[in-house]
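To start, the structure itself, in structure tokens.
The values are calculated or read from the model by the stated rules, or taken from the named source; none is laboratory data. Predicted, not measured: the structure shown is a model, and the values here were computed from it. Cβ placement follows ideal geometry from the backbone for every residue including glycine, while neighbour counts extend to all protein chains displayed.
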Amino acid sequence: MQNCPLCRPKAEAVLWSDTRLRVILVSDADYPAFCRVIWNEHVKEMTDLADADRSHLVRVALVAEEVLRAMLQPDKINLASLGNQVPHLHWHVIPRFVDDAHFPDPVWGPRNRQGHPHALEPKRLRTELIARLGASSG
């Protein structure tokens, strides 16, 4: 799709990738550990994928959750696959903390407070993803 920002990314901080998908670090000052798992091919829904591809996507999203939980000990992880604004299959993996800017509300809503961003070292996150998923092809 020509206008899809996930098909034609301008600049992404890719943490891990293979031929089917990529895990990126989202540039968000409030949520510096916000990751996105993006299917490379332009498809809209999980059911557009073959069973093996669906399993692979879910596995990678859950590994990202697992790594973020181990590294940051968040109060909650939000996993979201919306696609209303960008109908390209992707999952948001967002560590949430009671002192973040929106807690307990969604990160896309109005801020509840200034909030405290919980950062992590992207290089360490990349290393942990590789340890669990294998060498990245990207």
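Conditions tested, residue by residue: (1) out of contact with any Ser or Thr (no Cβ under 8 Å at 6 or more places or on another chain); (2) among the small types (Gly, Ala, Ser); (3) within 20 Å of residue 128 (Cα to Cα).
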position: 2; (1), (2), (3): yes, no, no
position: 21; (1), (2), (3): yes, no, yes
position: 29; (1), (2), (3): yes, yes, no
position: 32; (1), (2), (3): yes, no, yes
position: 46; (1), (2), (3): no, no, no
position: 91; (1), (2), (3): no, no, yes
position: 94; (1), (2), (3): yes, no, yes
position: 99; (1), (2), (3): yes, no, no
position: 110; (1), (2), (3): yes, no, no
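Restricting the first residue to region 111-131 and requiring it to be in contact (Cβ under 8 Å) with a residue 24 or more places away in the chain, which pairs with a second residue that is polar (S, T, N, Q) meet a Cβ separation below 7 Å and a spacing of at least six or different chains?
That search, which allows pairs on different chains as well, returns 130/136.
Of (1) modelled with pLDDT under 95; (2) surrounded by 13 or more Cβ atoms within 10 Å (Cβ to Cβ), residue 84 satisfies all except one. Which?
Going through the list (1) modelled with pLDDT under 95; (2) surrounded by 13 or more Cβ atoms within 10 Å (Cβ to Cβ), residue 84 breaks only (2).
Mind checking which residues of region 45-81 are loosely packed, with under 13 Cβ neighbours inside 10 Å and in contact (Cβ under 8 Å) with a residue 40 or more places away in the chain?
45, 70
Restricting to region 1-41, and then to whatever is among the aromatic types (Phe, Trp, Tyr) and not in a strand (DSSP E or B), can you tell me which residue is nearest to residue 137 (Cα to Cα)?
34
Just the residues that are assigned to a loop (DSSP other than H, G, I, E, B), under 16 Å from the mean Cα position of the chain (by Cα) and touching a residue at least 24 places away in the same chain (Cβ under 8 Å), please, taken from region 82-110.
Those that are assigned to a loop (DSSP other than H, G, I, E, B), under 16 Å from the mean Cα position of the chain (by Cα) and touching a residue at least 24 places away in the same chain (Cβ under 8 Å): 83, 86, 87, 88, 89, 106, 107.
Out of the residues in region 1-37 meeting the condition of being within 18 Å of residue 91 (Cβ to Cβ) and among the basic types (Lys, Arg), tell me which one is nearest to the chain's Cα centre (by Cα).
36
Can you tell me which residues in region 18-32 are in contact (Cβ under 8 Å) with a residue 40 or more places away in the chain and buried (at least 20 other Cβ atoms within 10 Å of the Cβ)?
22, 23, 31
What single numbered condition from (1) among the aliphatic types (A, V, I, L, M); (2) touching a helix residue (DSSP H, G or I) at 6+ places or on another chain (Cβ under 6 Å); (3) assigned to a loop (DSSP other than H, G, I, E, B); (4) crowded, with 18+ Cβ neighbours inside 10 Å fails to hold for residue 120?
Single failed check for residue 120: (4).
Have a look at 57, 25, 72, 49 and point out the one that is modelled with pLDDT of 95 or more, under 25 Å from residue 113 (Cβ atoms) and touching a helix residue (DSSP H, G or I) at 6+ places or on another chain (Cβ under 8 Å).
Exactly one of 57, 25, 72, 49 is modelled with pLDDT of 95 or more, under 25 Å from residue 113 (Cβ atoms) and touching a helix residue (DSSP H, G or I) at 6+ places or on another chain (Cβ under 8 Å), namely 25.
Any chance region 33-42 includes a residue that's in contact with a Lys or Arg (Cβ under 7 Å, 6 or more places away or on another chain), in contact (Cβ under 8 Å) with a residue 12 or more places away in the chain and surrounded by fewer than 16 Cβ atoms within 10 Å (Cβ to Cβ)?
No, region 33-42 has no match at all.
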